[in-house]
Every structure is written in structure tokens, then in C-alpha cells.
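Just below is one structure, and these are the notes that go with it.
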Amino acid sequence: MQAQEQDPPVIGEEAQQIRPMQSAAFRWLWFSTGMTSGGNLMERTATAWLALQSGGGAFAVGLVFAAHSLPSLLFGLAAGTIADRVDRRKLLVVVAAAVSALMAFIGWLADRGNVQVWQVVVLGFAAGCIQVCDTPARQALVLDTTSRKAATNALALNGLASRSCGALGAIGAGALIPLVGIGHAYFAIAAVYVIGGLLITPMRMPRGIRVTVAHPPFHHALRDAGRLIIDLPAVRILMFSGIAGEIFAFSFGSALPVLSKDVLRAGPEGLGTLNGANSIGSAVALVLLLAVGDRLRREPLLVSIFIAYGASLVLLGMTRNLWLAAAVLVVTGFCAGAFDLLQQTLIQLAVPDEQRGRAVGIWVLGLGSAPVGNLEMGALIGALGAPGALAINGALAIASAAGLAARAPAFRWKLRTRSSPD
């Protein structure tokens with residue numbers, strides 16, 4: 001019988017110097033992240049098209065995305081607390097099994113025909129309730145398998161797998177839906193999630209970097225997670241900037257199905273292309289951040305990315321050609337990927353190791369503001385159309401970034417001045 005691959009013990013300074021891809025555990029996590037993210041973007045593309053097919057229009061798409069994001073607001077802190085108290089590997093396997101079963105059920109329901117908007121909303125909420133536990137456990141595992149010193153590179157590599165495979169998943173779903181139908185596309189999504197869960201099972205944690213913590217009662221741990229927001233200004237600032245980003249920037253995804261169908265006249269294939277271009281841009285951002293490493297201060301870089309994010313949405317609202325829109329979305333995806341990575345890195349580094357799961361839970365709590373953004377975007381699209389809605393939210397994202405820089409000095413670029421002699 002072949003021995004299972006296990007990392008060598010890493011302690012002291014050696015643990016701090018470990019490179020992410022030298023860790024066998026990180027490699028298994030990396031492959032699982034890629035497969036799971038491919039399933040996520042396939043699911044997002046298929047669900048957006050299913051919502052449009054159900055006859056609800058632009059507001060239905062926003063409502064479905066809002067329902068999918070709502071569990072992040074309701075259960076984000078709890079999910080992060082759970083991730084600090086259980087075997088994170090087993091938790092990811094359970095999540096993969098549950099979400100794959102749900103995708104298969106949606107496929108069966110779609111094959112029967114006559115899917116109603118309310119059904120898509122309920123199923124989107126159910127999927128969000130399951131998947132809310134994935135992010136805190138997966139992101140905390142990134143540092144579990146490497147080290148705090150390698151945090152930026154490890155999170156960037158994990159994000160690169162996520163965005164690259166997400167692009168393939170989105171494009172694949174766009175091609176698959178007209179070929180085999182929406183129901184069978186969901187069966188394919190279920191299979192992708194199963195593979196993502198199976199890739200976690202061979203994972204063995206590196207010896208020497210496990211942290212043993214005496215766990216307080218769950219309600220105390222949950223209370224402590226909330227105290228992080230109150231007691232740590234860095235965590236609080238990051239959470240509020242994340243909320244602004246979710247409402248005014250990341251909500252652009254609700255506009256893409258309508259942009260593809262009504263403005264660009266491109267159908268599901270066009271929607272897959274747009275989602276794929278967004279993911280490609282995110283992958284490029286992560287590659288560049290890997291190259292830059294820690295040579296630039298993360299806080300002002302976050303503000304700069306936020307401003308560029310809003311500007312790209314304004315430009316996207318002005319496009320009337322599929323390939324031009326895809327090119328703009330590469331820039332938008334670049335900003336989205338960089339914004340996410342910087343947020344995740346900064347918030348994990350702002351707390352002790354034993355609270356990293358809860359820190360990511362706070363970040364997920366910020367993601368819970370997405371329903372507000374999705375509903376706001378859906379309402380704006382209904383009133384002004386997709387181009388007008390994108391322009392308004394892009395301008396609001398720029399204003400939010402400027403406000404962040406004005407209120408928090410750490411998020412400003414500081415010019416070096418030559419000191420003059422007395």
C-alpha cells in the first residue's frame with residue numbers, strides 16, 4: 001500500500017520560511033479550491049440564466065443573488081467560529097457533499113420545467129446557507145498549511161486557482177446550457193463539487209504548525225468574534241470597507257445577465273464570456289500581487305484598487321459591444337481579485353492565530369451586505385437599465401474609496417520628504 005503524502009515537520013524559523021507549494025497539504029487544498037471555484041462560477045452562471053428563464057427579469061436575478069448572499073450576513077460570524085472549533089478539512093468535505101446534492105436536486109427540478117422565481121430564490125438561499133461555512137474554513141486552512149510570513153503569497157496562489165478555474169467554469173457553463181439544457185448543466189455542477197470535496201480527503205496537515213487551543217463555550221467564542229470588531233480598529237475599518245465594496249462594486253454581477261441579454265444581445269454564451277473575463281482579470285491580479293509581494297503597503301494599495309474598481313464599472317456601463325465589455329471586465333475582475341486578496345490578508349494578519357477563522361468570519365459577515373447591493377442594483381436596473389445602474393454604483397464606489405482614505409490615515413500613500421537641516 002502506498003504511503004500517504006505528508007509534509008515534514010516544520011518548526012521555529014523554518015516554519016516561517018516555508019513556501020506554499022512546498023507544502024503537500026497546501027497543494028491538495030489548492031487543487032480543491034480550483035475545482036470548487038469552477039463549480040461556483042458554473043453555478044452562478046446557470047442560476048442567473050435560470051432566474052431570467054423563470055420570467056422574473058432583472059429584479060429576479062438580483063433577488064436570487066441576494067438570497068444566496070444573505071446567509072453570509074446571518075451566519076458569517078457563526079461560520080467563522082465553527083471553523084475555529086472543528087476539523088476544517090472534514091468541514092469542507094461535508095460542505096461539498098451537501099452542495100452537490102442540492103445542485104443535483106435543482107437539476108432534477110429544472111428538467112421537469114416550469115421553475116418559478118420563488119423556487120430559485122429559496123434554493124439560492126439554501127445553497128448560501130451551506131456554502132457560508134466553506135470560506136472561513138478554506139481561508140484559515142491556507143495559513144494552517146503554510147505560515148503567517150507566507151500569508152500574501154499563499155492566499156494569492158489559492159485565489160489564483162479560484163479565479164482561473166472560475167473563468168473556465170463560467171465559460172463552460174455558458175457553452176453547456178444551450179448544448180445540454182439547464183437541468184443537465186446543474187448535474188455537471190454537482191459532479192464538479194464532488195470532485196472538489198474528494199481532493200480534500202488526502203490532505204494531511206504539516207507537523208509542527210498545528211495550534212492547540214482550549215476552546216471556550218460556543219456562545220463565548222461567538223461573542224469574542226463580535227468583540228474583534230469593537231476592540232480592533234483595523235478589523236472594523238476592513239469590515240466597513242468590505243461592506244461598501246459589496247454594495248457598490250461587487251453587485252455588478254447582478255447586471256451582467258441583463259447586460260448580456262438586453263444590451264449586448266449575446267445570450268447565455270455571452271454571459272459565460274463576461275463572467276469568464278471577470279475571473280481572468282482576477283487571476284491576473286493575483287499573479288501580479290504574487291510578484292509584488294510585500295514591497296507595497298497593502299492599505300493604500302487597497303484604496304487605489306477600490307477607485308479603479310468604481311471607474312471600471314462606469315466604463316462598463318458605456319459599452320455596447322460584447323468583446324469590449326469583456327475587455328473592461330478583465331479590468332473589473334482585476335480590481336475585484338486584488339480587493340478580495342488584500343482584505344483577506346489584512347484581516348487575518350490583524351488577529352492572533354487562534355482567531356483567524358473568526359476574522360475570516362467577520363470578512364464573510366461583510367460579504368453579507370451583498371443582498372443590499374444586489375437588490376439595489378436590481379432596482380436601479382429596473383428603473384434606469386443596466387448601463388445607468390453600473391454608472392451610478394461605479395461613482396458610489398469611487399466616493400466610498402475616497403471616504404476610506406480621508407477617514408483612515410493608514411490607507412493613504414505617504415510621500416517621502418527629504419529632511420532639511422536645522
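Within the stretch 26-44, residues that are touching a residue at least 12 places away in the same chain (Cβ under 8 Å) reach partners that are part of a helix (DSSP H, G or I) and of a type in the set (Phe, Trp, Tyr) with beta carbons closer than 9 Å, at six or more positions or on different chains, in the pairs Met35/Tyr193; Thr36/Tyr193; Gly39/Tyr193; Asn40/Tyr193; Met42/Tyr186; Glu43/Tyr186; Glu43/Tyr193; Arg44/Phe65. If you check Arg163 against the conditions, is it modelled with pLDDT under 85, in a helix (DSSP H, G or I), of a type in the set (D, E, K, R) and in contact with a Leu (Cβ under 8 Å, 6 or more places away or on another chain)? So Arg163 passes the test. Of all the residues in the stretch 232-269, those that are surrounded by 24 or more Cβ atoms within 10 Å (Cβ to Cβ) and either more than 30 Å from Ala350 (Cα to Cα) or among the β-branched types (Val, Ile, Thr) (or both) number 8. Confirm whether Leu296 is part of a helix (DSSP H, G or I) and hydrophobic (A, V, I, L, M, F, W, C). So Leu296 fails the test. Just to be sure before I move on: is Ala225 at pLDDT 75 or above, assigned to a helix (DSSP H, G or I) and closer than 30 Å to Phe75 by Cα in the structure I sent? Answer is no for this residue. Report whether or not Thr201 is among the hydroxyl-bearing types (Ser, Thr, Tyr), surrounded by fewer than 24 Cβ atoms within 10 Å (Cβ to Cβ) and in a helix (DSSP H, G or I). Answer is no for this residue. With respect to the conditions (1) within 22 Å of Asp340 (Cα to Cα); (2) modelled with pLDDT under 90; (3) not small (Gly, Ala, Ser), Arg265 lacks only one, and its number is (1).
Checking Ala110, Ala170, Ala127 one by one, the residue that is in contact (Cβ under 8 Å) with a residue 12 or more places away in the chain, of a type outside the set (Val, Ile, Thr) and out of contact with any His (no Cβ under 9 Å at 6 or more places or on another chain) is Ala170 and no other. Only residues that are hydroxyl-bearing (Ser, Thr, Tyr) and surrounded by fewer than 24 Cβ atoms within 10 Å (Cβ to Cβ) were counted in the stretch 54-69, giving 1. Looking for something out of contact with any Asp or Glu (no Cβ under 6 Å at 6 or more places or on another chain), surrounded by fewer than 21 Cβ atoms within 10 Å (Cβ to Cβ) and modelled with pLDDT of 85 or more - is there at least one such residue anywhere in the stretch 70-87? Taking every residue of the stretch 70-87 in turn, at least one turns out to be out of contact with any Asp or Glu (no Cβ under 6 Å at 6 or more places or on another chain), surrounded by fewer than 21 Cβ atoms within 10 Å (Cβ to Cβ) and modelled with pLDDT of 85 or more. In this structure, is Arg44 within 30 Å of Ala379 (Cβ to Cβ), charged (D, E, K, R) and in contact with a His (Cβ under 9 Å, 6 or more places away or on another chain)? Judged against the criteria, Arg44 is a match.
Residues are listed down the side, and each one gets a yes or a no for (1) modelled with pLDDT of 85 or more; (2) of a type in the set (Ser, Thr, Tyr); (3) under 29 Å from Leu349 (Cβ atoms); (4) surrounded by fewer than 23 Cβ atoms within 10 Å (Cβ to Cβ):
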site	(1), (2), (3), (4)
Ala110	yes, no, no, no
Gln119	yes, no, no, yes
Gly128	yes, no, yes, no
Thr145	no, yes, yes, no
Asn158	no, no, yes, no
Ala167	no, no, yes, no
Ala170	no, no, no, no
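In the stretch 392-408, the residue that is surrounded by the most Cβ atoms within 10 Å (Cβ to Cβ) out of those that are within 24 Å of Ala67 (Cα to Cα) and in contact (Cβ under 8 Å) with a residue 40 or more places away in the chain is Ala397.
Find the residue count for the stretch 285-326, including only residues that are buried (at least 16 other Cβ atoms within 10 Å of the Cβ) and under 30 Å from Gly267 (Cβ atoms). Adding up the residues that qualify gives 16.
Scanning the stretch 251-273 for residues that are in a helix (DSSP H, G or I), within 19 Å of Leu384 (Cβ to Cβ) and not charged (D, E, K, R) yields Ser251, Phe252, Gly253, Ser254, Leu256, Pro257, Val258, Leu259, Ser260, Val263. Just to be sure before I move on: is Ala326 of a type outside the set (S, T, N, Q), under 29 Å from Gly385 (Cβ atoms) and out of contact with any Ser or Thr (no Cβ under 7 Å at 6 or more places or on another chain) in the structure I sent? In short, no. The conditions of being in contact (Cβ under 8 Å) with a residue 12 or more places away in the chain, in contact with a helix residue (DSSP H, G or I) (Cβ under 9 Å, 6 or more places away or on another chain) and under 30 Å from Gly181 (Cα atoms) are not met by Val142.
The values are calculated or read from the model by the stated rules, or taken from the named source; none is laboratory data. Predicted model, so just to flag it, every value in this text is computed and none were measured. Note that we place each Cβ from the backbone using ideal geometry, even for glycine, and neighbour counts take in every protein chain shown.
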